[in-house]
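First comes the structure, then the notes that go with it.
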Amino acid sequence: MAVIVALGAFLMTLLGGWTAQRVTDRRHLVLGLAGGLMLGVVGLDLLPEALHAAGREVFGVPLALLLFVAGFLVAHVVERLLAVRQAAHGAENGARVPQVGLTAAAAMVGHSLADGVALGAAFQIGGGMGVAVALAVITHDFADGFNTYTLTSLYGNDRRKALMMLFADAVAPVVGAASTLLFTLPEEPLGAYLGFFGGILLYLAAAEILPEAHHKHPALSTLMCTVGGVAGIWLVVGVAE
């Protein structure tokens, strides 16, 4: 059952990516929405799950929050190092680094893989839990597909690479769900990963996606897309609960 539900997540992810590439004439609105979706996923979905799963503290601070901050810093350091390296090879100052987009998309794929594992584990616990998690995974995989395509293309990668990462993101929950037929991922490592990944996503949303969305089009419509993205994730989380 978990694998069958994961196939629905596969289709929803592709739909999200298809939507992102079809609205290129409204790129600022796409980026505004992507930033809102990412902010909502981090604050309303990933962090609560991470704190619940990896609840132990390290020197007075929850492990999930430590890894959240670490993820933010790692994303910042990696981007700066790649930018310096590119500048040393003659690239223009401020030019976007394609590898950052691919790395961010790869993190999205890892998140979708964890979604599939969580889906399989939920069905192992019981049917009611499985249905609740299935609803959350399928609905927010639209945002995952949307963000994966947007992140890859935003940093200057060509359409072929963006579609390749989108397909990998769509397949990931199916692979994750199927893997639970063989083993179950311990709760604490999964929570630690979600905290770290949440920090990476927040950095990309706050430092890259939203500034780019408002750079040339500081319009109210862009802002409303961002707010709508957050509200949409809140609705998904609320329905799933």
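The values are calculated or read from the model by the stated rules, or taken from the named source; none is laboratory data. What you see is a predicted model, and the numbers here were worked out from it, not measured in a lab. Virtual Cβ from ideal backbone geometry, glycine too; neighbours counted across all protein chains shown. Note: areas computed on protein heavy atoms with side chains; ligands, DNA, RNA excluded. Shrake-Rupley method; radii C 1.70, N 1.55, O 1.52, S 1.80 Å.
Per residue, how much accessible area does region 1-78 show when a 1.4 Å probe rolls over the protein heavy atoms, in square angstrom? Working shown, then result.
On the way: 3970 Å² over 78 residues.
With all protein chains present, region 1-78 gives 51 Å² per residue.
Among rounded, prolate and oblate, which fits region 181-233 when a ≥ b ≥ c are the square roots of the eigenvalues of its C-alpha gyration tensor, a/c under 1.5 means rounded, and a/b larger than b/c means prolate?
On the way: a/c = 4.32, a/b = 2.55, b/c = 1.70.
Verdict is prolate for region 181-233.
Which length gain, in nm to one decimal place, applies between THR19 and LEU235 when the Cα-Cα distance is subtracted from 0.36 nm times their residue separation? Don't skip to the answer; put the middle values down first.
Values: separation 216, 0.36 × 216 = 77.76 nm, distance 1.99 nm.
My answer for the length gained is 75.8 nm.
Read phi for every residue in region 2-16 and hand back ³J(HN,Hα) as whole Hz from Karplus 6.51 cos²θ - 1.76 cosθ + 1.60, θ = phi - 60°, with x for Gly and Pro.
Once rounded to whole Hz, the list reads 4, 5, 5, 5, 4, 5, x, 5, 4, 5, 5, 5, 4, 5, x.
Given a 1.4 Å probe, how much area per residue of region 187-228 is accessible, in Å²?
Details: 1950 Å² over 42 residues.
Heavy-atom SASA per residue in region 187-228 reads 46 Å².
If you take the C-alpha gyration tensor of region 145-185, multiply each eigenvalue by 5 and take the square root, what semi-axes do you get, largest first, in whole Å? The partial results should precede the final answer.
Details: eigenvalues 148, 14, 9 Å².
Equivalent ellipsoid of region 145-185: 27, 8, 7 Å, largest first.
With every protein chain present, what accessible area does MET164 have (1.4 Å probe, heavy atoms only), rounded to the nearest 10 Å²?
The accessible area comes out at roughly 100 Å².
Expressed in nm to one decimal, what extension gain is obtained for the pair GLU187 and VAL175 from 0.36 nm per residue of sequence separation less their Cα-Cα distance? Please list the in-between numbers first.
Values: separation 12, 0.36 × 12 = 4.32 nm, distance 1.83 nm.
That works out to 2.5 nm of additional length.
Using θ = phi - 60° and the Karplus curve 6.51 cos²θ - 1.76 cosθ + 1.60, what whole-Hz ³J(HN,Hα) does each residue of region 158-164 get, with Gly and Pro shown as x?
In residue order, the calculated couplings are 6, 4, 4, 5, 5, 5, 5 Hz.
Please find the FRET efficiency linking ARG56 to ALA206, where r is the Cβ-Cβ separation and R0 is fixed at 22 Å, and quote it to the nearest 0.05.
On the way: r = 28 Å, r/R0 = 1.25.
In this case the efficiency is close to 0.20.
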